[in-house]
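Peer 1: Handing you a structure now.
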Amino acid sequence: MSKIKCATIGLGMGKSHIKGFQSRENAEVVAICDLNEELLKSVGDQFGISNQYTDVTAMLETEKPDVVSIATPNSLHKPLTIQALEAGAHVICEKPMAMNADEAREMQAVADRLGKRLMINFSYRFTEAAWGLKQQVERGLLGEIYSGRTRWLRRWGMPKFGSWFGRKALSGGGPLIDLGVHRLDLAMWLSGYPKPKYVLAQTYDHLAQERARAEGVEFDVEDLASAMITFENGMSLQVEASWASHIQENEQMETTLLGTRGGLRQRNLDGGYAFQGHIFSSDQGSKLDTEVVGGNSPGSSMGHLIDCIERDQPHTASGEEGIVIMEVLDAIYASAAKGGEPVKC
């Protein structure tokens, strides 16, 4: 069987995409693309990829990849996704799916029209802890999930301060759309993606603005966002995301869900990127605390997509789920702009 031909556009986050594709024997990264020629050569040498392009159109026309991953600044997700789809490729797009829900719907509409797959890189679903917890939730160990909290707080961790990350026209927002998007998706995925109803939210920029003024750089997004989401099934979910906050850890990632039969927690360890999952329940008055180990995760979003294409099976982290996340993010920013008034999703 011939290998699935893959290509990656954008070589910042794109390096992890390449690793994900190359983890599968049935996939081959045939080309990479980036405007930075020095980075292009460095990544090509690192991963043994000789077909290197600075022009997306030339790459798509010459290499005709089966799968294209988009790992560029957020403002380019929509146009590049549509271009790759129209060139005949399936697409895996970095989070956030787009700048807003309208753009996300346009992307999915093109994928539907052309009969192509569109997956969003909600990568934190694919940790062993998260994958294992999902399996236990599907077994019914939590019962009906009715409340939760999900957060990603950094003590001080603004990506490339002064770059496109802090400019709303290029990023769409700050830590909410950069970090919170992962924790929001994780909580909703574990909960079965209930339909959002209303949002109450606030955003802040106190710490980042002080630094921006001192360094003379442009920064017009939030450095912290906090929201409460209610869902049509009665569930509620608190969401927090920050690039700067006075906390003990360098990185604090935690998702907690409460159900009628049990609860769960997925969190990072020691302020790093290793994760642990637990389920908490009781039986005849005894407390049962169980660490979830394993879960047979596919290892990465890219590997999962390749497997699903080969087996002709549906993939998770679909464009439809990406649209729901964008609708919630839009509502959070809209509520914050109105001083915390409720906004319907």
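Peer 1: Are any residues in the stretch 44-55 surrounded by 18 or more Cβ atoms within 10 Å (Cβ to Cβ) and out of contact with any helix residue (DSSP H, G or I) (no Cβ under 6 Å at 6 or more places or on another chain), and if so, which ones?
Peer 2: Gly44, Ile49
Peer 1: Among (1) over 22 Å from Pro194 (Cα atoms); (2) touching a helix residue (DSSP H, G or I) at 6+ places or on another chain (Cβ under 9 Å), which single condition is Gln252 missing?
Peer 2: (2)
Peer 1: On to the next question. Would you say Ser50 is closer than 30 Å to Gly174 by Cβ and hydroxyl-bearing (Ser, Thr, Tyr)?
Peer 2: Details: closer than 30 Å to Gly174 by Cβ: no; hydroxyl-bearing (Ser, Thr, Tyr): yes.
Considered against the rule, which asks whether it is closer than 30 Å to Gly174 by Cβ and hydroxyl-bearing (Ser, Thr, Tyr), Ser50 comes out as no.
Peer 1: OK, next. Please state which of the following conditions Arg113 fails to meet, knowing it meets all the rest: (1) surrounded by fewer than 21 Cβ atoms within 10 Å (Cβ to Cβ); (2) under 25 Å from Ala334 (Cβ atoms).
Peer 2: (2)
Peer 1: May I ask you to say which residue of Ala27, Ala84 is farther than 24 Å from Ala104 by Cα and either open to solvent by less than 60 Å² (accessible area, probe 1.4 Å) or at pLDDT below 95 (or both)?
Peer 2: Numbers: Ala84 fails: farther than 24 Å from Ala104 by Cα.
The match here is Ala27.
Peer 1: Considering only residues of the stretch 322-345 that are in contact with an Asp or Glu (Cβ under 7 Å, 6 or more places away or on another chain) and open to solvent by less than 40 Å² (accessible area, probe 1.4 Å), which is nearest to Asp185 (Cα to Cα)?
Peer 2: Here the answer is Ile325.
Peer 1: Still on this model: Looking at the stretch 260-279 only, could you name the residues that are open to solvent by 70 Å² or more (accessible area, probe 1.4 Å) and free of Cβ contacts under 8 Å to residues at least 60 places away in the same chain?
Peer 2: Filtering the stretch 260-279 for residues open to solvent by 70 Å² or more (accessible area, probe 1.4 Å) gives 260-261, 267, 270, 273.
Matches in the stretch 260-279: Arg267, Asp270, Tyr273.
Peer 1: OK, next. With a cut-off of at least 1 residues that are out of contact with any His (no Cβ under 9 Å at 6 or more places or on another chain) and either among the aromatic types (Phe, Trp, Tyr) or more than 20 Å from Glu321 (Cα to Cα) (or both), name the strands (runs of 3 or more DSSP E) lying wholly within the stretch 1-103.
Peer 2: Values: elements: 4-9, 27-33, 67-70, 90-94.
Correct list: 4-9, 27-33.
Peer 1: Still on this structure: Might you check whether a residue that is closer than 26 Å to Ile177 by Cα, modelled with pLDDT of 95 or more and surrounded by fewer than 20 Cβ atoms within 10 Å (Cβ to Cβ) occurs anywhere in the stretch 87-103?
Peer 2: yes
Peer 1: Here is a follow-up. Return the pairs, sorted by first residue and then second, in which the second residue is of a type in the set (Phe, Trp, Tyr) and outside any helix (DSSP H, G or I), the first residue lies in the stretch 291-315 and is open to solvent by less than 20 Å² (accessible area, probe 1.4 Å), the beta carbons are less than 9 Å apart, and the residues are 6+ apart or on different chains.
Peer 2: If the second residue must be of a type in the set (Phe, Trp, Tyr) and outside any helix (DSSP H, G or I), the pairs left are Ser301/Phe122.
Peer 1: Here's something else I'd like to know. Buried (at least 16 other Cβ atoms within 10 Å of the Cβ), within 19 Å of the chain's Cα centre (by Cα) and farther than 18 Å from Glu291 by Cα, is that true of Gly148? So that I can check it myself, show each step before the final result.
Peer 2: Values: buried (at least 16 other Cβ atoms within 10 Å of the Cβ): yes; within 19 Å of the chain's Cα centre (by Cα): yes; farther than 18 Å from Glu291 by Cα: yes.
Criteria met by Gly148.
Peer 1: While we're here: Where in the stretch 154-241 are there helices (runs of 4 or more DSSP H), lying wholly inside it, with at least 3 residues that are open to solvent by less than 20 Å² (accessible area, probe 1.4 Å) and out of contact with any Cys (no Cβ under 9 Å at 6 or more places or on another chain)?
Peer 2: Working: elements: 168-171, 181-190, 206-215.
Helices (runs of 4 or more DSSP H) meeting the threshold: 181-190.
The values are calculated or read from the model by the stated rules, or taken from the named source; none is laboratory data. All of these numbers come straight from a predicted model, not from anything done at the bench. Note that we place each Cβ from the backbone using ideal geometry, even for glycine, and neighbour counts take in every protein chain shown. What goes into the accessible areas is simple: the full protein's heavy atoms, side chains included, and nothing from ligands, DNA or RNA. Shrake-Rupley method; radii C 1.70, N 1.55, O 1.52, S 1.80 Å.
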